[in-house]
Structure formats: structure tokens, C-alpha cells
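**Student:** Below you will find the structure I want to go over with you.
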Amino acid sequence: MGNIVGIDLGTTFSTLAILNAIGKPEIVPNADGERLTPSAIFFDEENPDVIRVGIEAINSRHLNAERSVRWIKRHMGDTDYRKTISGKDWTPAELSALILKKLKEDCSAEHGEICDAVISVPAHFDEVRRRATMDAGTAVGLNVVAIVNEPVAAALYYATTRKVSGKVLVYDLGGGTFDVTIMDVDGQQMDIICSQGDHALGGIDFDRQILEILEQSYRDKFSAELLNCDEDRARYEDEAEDIKKTLSRRPTAKKMLYGPAGSLRAEISREMFEEAISSLIARTDMLVEVALDEAGAQPSEIDKVLLVGGSTRIPLIRERLEKMFGSAPETAVNVDECVALGAALYAGLTMLRDKPDSVSAGIASGLEGINLTDVCNHSYGTICAPVDEETGRRTVQNRIILKKNTPLPCEASQTFYTTYEGQKEVEVTITQGEDTAVEYVNKIATHRFELPEGRPPDCPIKVTFSYDVNQRMHCKFEDIESGRVLQVDFRLDQNGEVEEDNAQQSTEQFESLKVE
Amino acid sequence: MYEWAAPILGGAVIAALMVLLPLVAYSKYSGLPLLRAPKRFVGAVKSWTLSKSLNRFKFPRNINANVIIHKLKTLASIVRNGSSRLAKSLAPDGIISSTKSAARAARSKFREGLSVIRLSESINRTKLRGRAGAGKLSQLLDGLNLPRVNYTPNGIGREFPTKPDMETLNCRVRLGSHEDNARASDIFIVELCGSIRAPQAMHEVTLTVSITDVTDGTTQTKPVRVRTKQWQIADSPVFCHDADLGALHNETTTLADWTAVAQLSCSQLLLPRKGRRNLQFTVAILSRQTRETLACAECACVYHSTDTGYIDLADNIQRTNTLAVGLAFAVSAADHKLYDCEVDFIKSWVMSNLDASRASAKAERKLEKALDKTVAFFRTGGQFDACRVCTEIAQIAPLAIRYDILEFCLGVARANGHVTSEELALLRNLAVWLELDPDRFRAMLEKTLPVNMHEVQDAETILGVAPNMSKEETRRLLNREYAKWNSRVTSSDPAVQSQADQVLALIADARREYVGLDT
Ligand SMILES: Nc1ncnc2c1ncn2[C@@H]1O[C@H](COP(=O)(O)OP(=O)(O)OP(=O)(O)O)[C@@H](O)[C@H]1O
Ligand SMILES: [Mg+2]
């Protein structure tokens, strides 16, 4: 039976965990012996046959920033983003695939072929970003059996390794994203209540604040710029991260700045840092409050706060959480590993549910009793044209059918009506988003639904959306009178035939690439 | 003072400004989504005066009143539930003579009113006479919960003739009131008495009711319109009520007493003008097949309409649009600079909203000139009382149009790519003066003037944080805004995405500043 793994594809670090013979997840160190692999890529000009991923890529960045890529997760799903290297345009999914390839190969070298994998994503990732992540996995030959939300994976790991029960808030502040998930935990039974996430809040934003302090002090002293090229920036970005980490341990951090106008010994205190990141901290506060609101819970009703993500090592974060919830948050041994460990557990659970025969008895018994109910991560709806009660005018609106945070599997229906006499077709749109204004929601599919001719207005059309535990969505549009039905299915791993061909092509392309 | 508007208020120009709505902003969606949201049906003709008219039918001794009552109850439930199967189960036993009419009644699920007249017609046909059971019937009718009618003691119009001529058909109209969801509304109750002659027995007939406004004399009659399509004459908004009455049993049918045949909701009717109106009602009984008039009656009544009439509306639209152009210029000039692009935007609005089929080339030129004069007025620092203009618009223009005007003004502010604080302040005032919902205004503002267009980007301007808000209120407002924009940040539209990013950063700063870091 093949290996089952979980992968935390992080903004700054990526990690792979494997389920051992008794169903316990373990981190697999990479070829360099590191448990975490920096999510960085370097295209070496001198050796174009090998693409460097990980620590080497980080170091090479200081020499040639042009040919290096970091923080690609922030661009996932962005259709316009391209990194051009020697005439080739790389998409975010392709670049992520390179990182996954490195993780996969390093693991295979040690443990043999990987069969099935789960990749984690931030809870707030939308369908497009989830699909891009899935594509990246498929492209390097991984059988991605599911995509799991990072806080859910982390909570799964916590709940299976220590005693937690009651209302639990998972606070996941990583390198690039911030997620808050609230869940009910009762032994091995976990029910997600809601998730909220901020896509632009993480360690790299804190680093940026420190870098700004450094730049400003250099400017103040020399009236000159510290950073004059991308390589300078790359180097000082890493210095800034270093300062930030030091400040988690000590009240001050010192650094020599070597700029064009001379060198400067910069000293940054923890207070200066905390002041600089106060707006970002305000943002974390809001997200927690919004999540609590959504869950209908007071801070006092939260029994446990679980910390996930490297940035939760910042003392200010812990202090604030302790103040808000009245008790110290709980930390795993290693906050930046628990997502991958949980993802491996999730992969095992998914396999047990979908293909129990391909799971070894040891793993199956190790996972016995763990049960998790997830929720819809977003609201799904359709576009309609109701008459505005106030103005009496027909307006175009998004009407939510499946509401965010509905426990899975779920199904919901609403009846709409045709607008005019003799209406022969309806343009049906499936949307994702929380707004009523159509400008602010994403249209994930649009179809034409043909209707019988010669009918009066106001013919009912029933719209039913359902969402299953495998994150497959099924949409059904039903013309009640004629019984005509239009059905649309969405699966993360399925984009229609045309794109499957593409996937095939790109798998071949990645097979021939060498990643180290 | 808004006399400045005089140049563009001249007669020909007004004709040229014959406008124009719906506005461009809305037209981009036309034809796109073809579904409408669920909505409850609202009927114009609410019901027929059942209890009053039925009280007049007396029971013969040989028919068991309970049978009638049972049938009535069943029919009423069919009417309410719309089951044709149930309707068919009613046997033609002489009480409800035609299952066909009952089935038809059942099919018109929501048209309670029409069904009930069929019901009363059916009962009429059975010629229930006598005394027994009448009291009981009316008592049970009470229990049916059919829509209720209260007569106002003082009818409208002139005194009813005391003794109608029973040889012909007579009609009269009374004003009643109808309670719907605890809101009383006026209704016209149309009543008939006298005789109807059909070519033969069992002749199928229909009833029509039409109304004309004769306030300005019989040579200048104006039609009465209706809001609901169902009661409109094909492809015109003119009111005409048309109801199928089923078959008349005998050649001559005599209604011995005044019998209510139609009840029309005044709020659904659209009179030409507001105020005291003389209305003429024409009621006709037609042969269903040949549409030949078998009997016809007319009567007049006076009604005080509190609703703006459709001619008033047309006048108001012209006036409103002229005033709107003034407001648009005021927005443009708010920062003491009248940019060409803003002027062009206003001109193109006027032109594109102009009814080209009506405006002659000459009128168009005149309009151009008028606009140029207006531009000159503002360029030379002319003052304009926007508040007064808004107050007038608020009185004459419906809400939808007022939103259009605001949208137009926002478009003007947006024309040169950035909005100054003076422009924004005026826009905010316009929303208040035009009596628009502040939340809606905010939503429009977000859409039309994204944050990067604002000259001043602070929490007060962009997020609506007010200085008098408590910390807790501000906290809640900011959380709401944060949740909203955070869900928009993953938009597939890059413009929305970057706007969301900017607003989120602004919200975070505002939180730190107004709420602080202590929880
Ligand atoms: N001691 C520390 N103090 C402050 N920050 C730290 C510390 N250790 C690690 N970090 C930060 O944590 C971040 C990495 O955390 P983690 O590996 O959980 O993120 P990620 O998984 O890469 O990102 P994400 O989950 O957001 O996609 C980096 O920004 C790093 O600088
Ligand atoms: Mg992470």
C-alpha cells in the first residue's frame, strides 16, 4: 500500500508529513535534513537544467533577485501574474508545482513512492485558488485526494495528540496569511463552526515594517537610500526577518547596515517593532472579533485558543490573546509543523472514507474514531433581478443560496420566477461571494437554460445547490412546469475536458524538470 | 436662488430635455439576468363584496342550508388553495351548477375576487329565494375569512337615485375601505341592479368595467390607468376590468337589489392628476362569444386622489431632469473648477437621455446653447442653491429617479478621475437633501468613486466614522466594514481587489487610531 502524505504549502515555508505504519503523522525532512523547506525558487542561469528550491534558493536570491521567486502563494489564483525566466512565463500554480516537486522527490527518496496527498490552503482561499493549488499538485504527479483548510488540519492534529474539548479557536498566523477558525471539539469529534481569513497578513508584512524602520534610519542618518537594487532588498528582507525573530526572544536587536553612503549600526527595540506593526495587529483583532461574531460567541465562551504558524511566536500576539481570552493560548511543540501533520491525518481520513481498501490496517486503526464535520467556506448564489421594494425598480442582485459556514454536506433551494412573457431562456450564473451587489462577487459559471416557448411571466424556476464533504458542488436549475432541468457540477479536480488535456501536458513537462 | 436655471428652463428647451430615464448606469445590465426574486402576488381587484350581496339571496325551504354552506366552504378553500381536482369533485347538484366554472375558479389561484363573483353568480342562478337560513349563511360566510369590505357611511358623488328603472341596467359606485395587513385603503365598489337581456337562456357573458376621468369636461376626457398589467388593456396602461360571469340561466335576469359586482383598489389605479377628480364608470355585460353589449350602465363619482397623477408625473420628470442638470453642474463646480471632462459628461448625459424622436434639430441646438450658458454661469462663479433644488426634486420625483440623479452626480464627480473633499461634501449633502438612504448612498459611493479617487483618504470620508461615535460604535462599524471588504478582497476583478486592499489598510489604521489596541 502506498504512502499517504499531507503537505503544508506555505507562503514562506513548506512541510511534508507522512502517515506511519500505525497512522501517526511524522514530518519528513528534506534532502538537506531540514524539517521545513523555504518556499523559494531560484532559476540558476549557469545551470539551467536544475531549478533550485529551498534554502539554496533563498541564498541565491541575494546574488540574483531577478531569477528568484518567493511568496508565490500570495499570487495563487491571480490569472495575470507571470514570472518570466529566460523567455518562459511561469504561472503561480506552476511555480508552486516546483516546490511540491521538491517535497515529493525528497520524501520519495527516503520513503518510496507517494500515492495520495492532501495539500492545505488558508480557509479563506476561494475556489480559484483551491483549484490552482490542486493543479499544482496534479502537475507533479501527486494524487491530490483533497484540499484541507490549514486551521482545520492544525486543529485535527491538536485534537488527536492532546486533550482539548469545548469551543476551540485556532489562531493561525503564518508567513503570508492569517486564519481564524472556531470549532466545537468533543474528544475525537470535531465540528467546524466558522472560518475567517485575511489574505494579506503574515510574517512577511511584519518583516516589511522592520525593513521600513531600517530604511528610514539610514535615510535619517545619511540622507541616502539603503536599498538600491533588488538584491539589496532581498538581503535586507532576510535581515529584517532575522531582527523580527530576535525580538521574539530579546527586547532589542542590532544590525549593521552597509549602504552606499556608509555603514550604520541600527538598533531596534521590541517597543519600536510593536508600534510599527500596530495597524497589522489591529487587523488581527478585527478578524478575531468578526469570527467570534459569526460564531455567535463571546471571548469568554472560548475554552481554548490553539496557536498555529510561525508568527504566533511574537510575544505581543500571545499577550493580546491572553488578555482577550483570559488564559494563555495553547502551543504545539512546533507551531509551523502542525498543519502538515494534520493534513496527513486528513489525507488518511479521506482515503478511509473514499477508498478504505487502499488504506493499511495499521493506519486505519490509528485513525479510528476521528470524526470531522467541515463547513462551506464561502457563500454560493445566483444572479437575479428582483424588484427593489423601495424604488419599485428591477435591480440586478446576487442572491445567496448556500450560505457560508453551513455544515457539510448541505443542500439549499430557492425559487425564482421568469420576468417576462414568452421568455425562452434564462441566463443562470453561479456566484461565490458574500455581497448582494454583483460587482463584488465572483461568477464561477454561467449557462443558458432554455425554456418552453409561449409562456406567461412568473413561471417558477427552482434553484438547488448542494455541496458534499469532498467539496464537490452540484447546482440544479429546474423549470417546475415543464420539468426541464439544467445541472452543473463542480469539482476541485475537474475543470472540463479541455483543461484536463492541459493538465496531462503539464504533468509531462514537470516530469522532465529537475528540481533540487 | 436657482433662477440661473432660467436659460435652460425655456419652453423649447424643456421639450428638448424631454427625458430620458432609465439612466445609462442601469442599462448595462439590461437583458442580462432573466430571473426575478420571489415576490408575493398583489392584486388590484381585491375581491367582490361577498357577504353583502349574498345576504340578499334567500334560501328556498326545500334546500338544506348546510349543503349550500358546505359547498361554499369547499369552493372558498379551492379558491384559496387552487386545487382543480377538488373543484371537479363538486357535483352539479343545482347549487353550484357548473363544475366547469368552479374548476376555472380554482385555476385562478390568486384571483380570489374573480372566483367569488363566479360563486355569487352560481348562487344567483339557483335562484335561492325564501327566508330560511339567510342569517346562518351570512354567519358562516363570516367564518370563511374572505376579504372584508367596510362601507363608509357617506358614499361618494351625488345621491344615488332612489328608484332605479328595473327595466334597464343601472350602476352605482360607492367608496369603501379595505383592510389589508392592518392598512386601510380606498376601494371603489361597483354595484348593479335592474335587468339584463340575453339572446337565449344559458348565454355566457362577461362583465367589463372601465373608468374615464372627465374632470376637464367631456370633450377632454382622460383615461384612468392601472399599475397591474393584469387589468390593463393589451399593451396600454389603460384600466379595463374584464371578468367572466359564466352563463345566465334565463333570457332575462333581474337583479332586484343593488348587487356588488366589482371592488377596485384605488391605490392600483392611476388617475391623470392629483386632487379632486370626476370619474365616469362604464359597466357593461357582454356576450362572451360575440362581444356584443347586452346591457350597459354609466355612473359618475368624485374622488379625491392623494397620489400624483400620470400627467403630473410626466410634468415632474421634465422638471426634475432640468433640475438634475443644475445639480450636476453644482457638483462639478463645487471645487471651483469646472473641468471640460465634467462638462462633457453632463452634456453627453443630457444628449444621450434626450428623446431624439421628439427633439428637433433646432431644439437640440437651443439646448446646447442653454447648456453653454449654464456652463458660463458656473464658470463665472455663479451661486446655486442646491438644497432648495433638492427639496423641490424630493417633492416631485419618485425615489428611483432621485437615486438616478445622485448616480448622475457621482458620475460627474468621477469624470476627472479624482474627487475633492468639496465635491464629496456636496454629494453627501445631496443624498441627505434628496432624502436618500445613507447606507445606499455609501454603497453607490463605493462603486462609483473607489478609494483611490479620493483626494482625502481618511476614516471619516471613506468609512463613515463620525466624530460623535462612541468607541464601541466605531469598533462595530469598523468590524462590519472589515468583514465586508475582506470578503471582497478575493474578487476576480483586479480593480475591486486593489480597492479592497486599500480600504482594509485604511480600516486597520482607523481601528488603531479610534479603538486602540486595548480590548
Ligand atoms: N520566533 C519568531 N518570531 C517571529 N516570527 C517568526 C518566528 N519564527 C518564525 N516566524 C515567522 O513565521 C513565518 C513562517 O511561519 P509558517 O511557516 O507558519 O508560515 P507559512 O506556512 O509559510 O505561511 P502561511 O501559512 O501564511 O502560508 C515567517 O514569516 C517567519 O518569519
Ligand atoms: Mg502555514
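Yes/no matrix, rows are residues, columns are (1) in contact with a Gly (Cβ under 9 Å, 6 or more places away or on another chain); (2) away from ligand 2 (no atom under 14 Å from the Cβ); (3) in contact (Cβ under 8 Å) with a residue 24 or more places away in the chain:
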position	(1), (2), (3)
A:ILE4	yes, yes, yes
A:ILE7	yes, no, yes
A:LEU19	yes, yes, yes
A:ILE22	yes, yes, yes
A:ASN30	yes, yes, yes
A:GLY33	no, yes, no
A:THR37	yes, no, yes
A:ASN47	no, yes, no
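**Student:** Let me ask something additional. Has segment B:252-267 got any residue that is modelled with pLDDT under 90, small (Gly, Ala, Ser) and not in a strand (DSSP E or B)?
**Tutor:** The answer is yes; a qualifying residue exists.
**Student:** Exactly one condition in (1) modelled with pLDDT of 85 or more; (2) in a loop (DSSP other than H, G, I, E, B); (3) closer than 20 Å to A:ILE400 by Cα; (4) more than 9 Å from every other protein chain (Cβ to nearest Cβ) is false for A:GLY483; which is it?
**Tutor:** Of (1) modelled with pLDDT of 85 or more; (2) in a loop (DSSP other than H, G, I, E, B); (3) closer than 20 Å to A:ILE400 by Cα; (4) more than 9 Å from every other protein chain (Cβ to nearest Cβ), only one is false for A:GLY483: (3).
**Student:** Return yes or no: is A:SER263 more than 24 Å from A:ASP205 (Cβ to Cβ) and part of a loop (DSSP other than H, G, I, E, B)?
**Tutor:** On the way: more than 24 Å from A:ASP205 (Cβ to Cβ): yes; part of a loop (DSSP other than H, G, I, E, B): no.
In short, no.
**Student:** What helices (runs of 4 or more DSSP H) lie completely within segment B:401-519 and have 1 or more residues being of a type in the set (Gly, Ala, Ser), within 11 Å of another protein chain (Cβ to nearest Cβ) and under 30 Å from A:VAL128 (Cβ atoms)? Give the steps one after another, and end with the answer.
**Tutor:** Numbers: elements: B:421-433, B:438-448, B:471-488, B:494-510.
The qualifying helices (runs of 4 or more DSSP H) are B:438-448, B:471-488, B:494-510.
**Student:** In a strand (DSSP E or B), away from chain B (no Cβ under 14 Å) and more than 15 Å from A:VAL170 (Cα to Cα) - does that describe any residue in segment A:268-283?
**Tutor:** Here is the first cut: in segment A:268-283, the ones in a strand (DSSP E or B) are A:268-269.
Keeping just the survivors that are away from chain B (no Cβ under 14 Å) gives A:268-269.
Restricting the remaining residues to those that are more than 15 Å from A:VAL170 (Cα to Cα) gives A:268-269.
Within segment A:268-283, one or more residues are in a strand (DSSP E or B), away from chain B (no Cβ under 14 Å) and more than 15 Å from A:VAL170 (Cα to Cα).
**Student:** Could I ask something else about it? Mind listing whichever residues of segment A:353-367 are in contact with a helix residue (DSSP H, G or I) (Cβ under 9 Å, 6 or more places away or on another chain) and either of a type in the set (Val, Ile, Thr) or surrounded by fewer than 19 Cβ atoms within 10 Å (Cβ to Cβ) (or both)? Give the derivation first.
**Tutor:** Going through segment A:353-367, the residues in contact with a helix residue (DSSP H, G or I) (Cβ under 9 Å, 6 or more places away or on another chain) turn out to be A:356, A:358-359, A:363-364, A:366-367.
Listed by number, the residues that qualify are A:PRO356, A:SER358, A:VAL359, A:ILE363, A:ALA364.
**Student:** Additional query: If you take just the strands (runs of 3 or more DSSP E) that sit entirely in segment A:53-160, which of them hold at least 1 residues that are within 14 Å of chain B (Cβ to nearest Cβ)? Please lay out each step first, then the result.
**Tutor:** Numbers: elements: A:68-70, A:83-85, A:88-90, A:114-121, A:143-149.
Of the strands (runs of 3 or more DSSP E) lying wholly inside segment A:53-160, those with at least 1 residues that are within 14 Å of chain B (Cβ to nearest Cβ) span A:114-121.
Here's the yes/no breakdown for (1) in contact (Cβ under 8 Å) with a residue 24 or more places away in the chain; (2) more than 9 Å from chain B (Cβ to nearest Cβ):
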{"residue": "A:VAL387", "(1), (2)": "no, no"}
{"residue": "A:LYS403", "(1), (2)": "yes, yes"}
{"residue": "A:GLN414", "(1), (2)": "yes, no"}
{"residue": "A:GLU425", "(1), (2)": "yes, no"}
{"residue": "A:PRO452", "(1), (2)": "yes, yes"}
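**Student:** Limited to segment A:3-29, what total is found for residues that are in a loop (DSSP other than H, G, I, E, B) and either within 12 Å of ligand 1 (Cβ to nearest atom) or not assigned by TED's automatic domain parsing to the domain that holds A:ILE363 (or both)?
**Tutor:** Within segment A:3-29, the subset in a loop (DSSP other than H, G, I, E, B) is A:10-12, A:20-24, A:28-29.
Filter again for either within 12 Å of ligand 1 (Cβ to nearest atom) or not assigned by TED's automatic domain parsing to the domain that holds A:ILE363 (or both), leaving A:10-12.
Count: 3.
**Student:** Within segment A:427-445, restricting attention to residues that are within 10 Å of another protein chain (Cβ to nearest Cβ) and in a strand (DSSP E or B), which residue is modelled with the lowest pLDDT? Spell out how you get there, then give the answer.
**Tutor:** The initial filter retains those residues of segment A:427-445 that are within 10 Å of another protein chain (Cβ to nearest Cβ), namely A:427-429, A:432-444.
Right, trim to in a strand (DSSP E or B) and you get A:427-429, A:432, A:442-444.
On the way: A:GLU427: 90, A:VAL428: 91, A:THR429: 92, A:GLN432: 92, A:ASN442: 90, A:LYS443: 90, A:ILE444: 86.
By that ranking, first place goes to A:ILE444.
**Student:** Among the residues of segment A:231-252, are any in the same structural domain as A:GLU271 (by TED's automatic domain parsing), exposed (fewer than 14 other Cβ atoms within 10 Å of the Cβ), touching a Ser or Thr at 6+ places or on another chain (Cβ under 8 Å) and not in a helix (DSSP H, G or I)?
**Tutor:** So far as segment A:231-252 goes, yes, one or more of its residues are in the same structural domain as A:GLU271 (by TED's automatic domain parsing), exposed (fewer than 14 other Cβ atoms within 10 Å of the Cβ), touching a Ser or Thr at 6+ places or on another chain (Cβ under 8 Å) and not in a helix (DSSP H, G or I).
**Student:** State yes or no: is A:VAL170 outside the structural domain of A:GLU127 (by TED's automatic domain parsing), outside any loop (DSSP other than H, G, I, E, B) and either in contact with a Lys or Arg (Cβ under 6 Å, 6 or more places away or on another chain) or within 14 Å of ligand 2 (Cβ to nearest atom) (or both)?
**Tutor:** Numbers: outside the structural domain of A:GLU127 (by TED's automatic domain parsing): yes; outside any loop (DSSP other than H, G, I, E, B): yes; either in contact with a Lys or Arg (Cβ under 6 Å, 6 or more places away or on another chain) or within 14 Å of ligand 2 (Cβ to nearest atom) (or both): yes.
Spelling it out, A:VAL170 is indeed outside the structural domain of A:GLU127 (by TED's automatic domain parsing), outside any loop (DSSP other than H, G, I, E, B) and either in contact with a Lys or Arg (Cβ under 6 Å, 6 or more places away or on another chain) or within 14 Å of ligand 2 (Cβ to nearest atom) (or both).
**Student:** Separate question: Kindly provide the set of residues from segment A:286-323 that are away from ligand 1 (no atom under 16 Å from the Cβ), surrounded by fewer than 19 Cβ atoms within 10 Å (Cβ to Cβ), assigned to a helix (DSSP H, G or I) and of a type outside the set (Asp, Glu), ordered by number.
**Tutor:** A:PRO299, A:SER300, A:LYS323, listed by residue number.
**Student:** Here's something else I'd like to know. Give A:ILE210, A:ILE204 a once-over and let me know the one that is within 24 Å of A:ILE314 (Cβ to Cβ), at pLDDT 95 or above, away from every other protein chain (no Cβ under 14 Å) and within 16 Å of ligand 2 (Cβ to nearest atom). Step through it out loud before you land on a result.
**Tutor:** Working: A:ILE210 fails: within 16 Å of ligand 2 (Cβ to nearest atom).
Result: A:ILE204 is the single residue among A:ILE210, A:ILE204 that is within 24 Å of A:ILE314 (Cβ to Cβ), at pLDDT 95 or above, away from every other protein chain (no Cβ under 14 Å) and within 16 Å of ligand 2 (Cβ to nearest atom).
**Student:** Which one of these is within 14 Å of ligand 1 (Cβ to nearest atom) and within 30 Å of B:ARG512 (Cα to Cα): A:VAL335, A:VAL339? Give the derivation first.
**Tutor:** Details: A:VAL339 fails: within 30 Å of B:ARG512 (Cα to Cα).
It is A:VAL335.
The values are calculated or read from the model by the stated rules, or taken from the named source; none is laboratory data. All figures in this text were calculated on a predicted structure; none of them were measured in a lab. We place every Cβ from the backbone using ideal geometry, glycine too, and count neighbours over all the protein chains shown.
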